[in-house]
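A.B. asks: Following this message is one structure expressed as structure tokens.
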Amino acid sequence: MKHDELLAKIDSFTCCSGAYELALRAAVELHKIVQTCFDVTCYCPDHCQSCRTNYPCLTIQAIEKELG
């Protein structure tokens, strides 16, 4: 799931409000996609800006799993 799609899914839940929604959105923002290579001719996988591992990182995977 892409970063924007994940944020939209968080917004679609009515049960997540107030502090919980803000905390979840903050976690997603910290772990957003960063491209490591801007050269059109090479392939570099997207990385998590916080973990510096391939995206989706373990944090995003856990959030996606729990949101369904």
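A.B. asks: Output the qualifying pairs, or none if there are none: Cβ atoms under 7 angstrom, residues six or more apart or on different chains, first residue in the range 5-31 and farther than 26 Å from H47 by Cα, second residue of a type in the set (V, I, T) and at pLDDT below 90.
C.D. replies: C16/I10
A.B. asks: Which residue is surrounded by the most Cβ atoms within 10 Å (Cβ to Cβ), if the candidates are limited to the range 53-68 and must be assigned to a helix (DSSP H, G or I) and in contact (Cβ under 8 Å) with a residue 24 or more places away in the chain?
C.D. replies: I60
The rows are residues; the columns are (1) at pLDDT 80 or above; (2) more than 10 Å from the chain's Cα centre (by Cα); (3) in a loop (DSSP other than H, G, I, E, B).
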site	(1), (2), (3)
A8	yes, yes, no
A23	yes, yes, no
E29	yes, no, no
T41	no, yes, yes
C51	yes, yes, yes
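The values are calculated or read from the model by the stated rules, or taken from the named source; none is laboratory data. Remember, it's a predicted structure, so these values are computed and weren't measured experimentally. We place every Cβ from the backbone using ideal geometry, glycine too, and count neighbours over all the protein chains shown.
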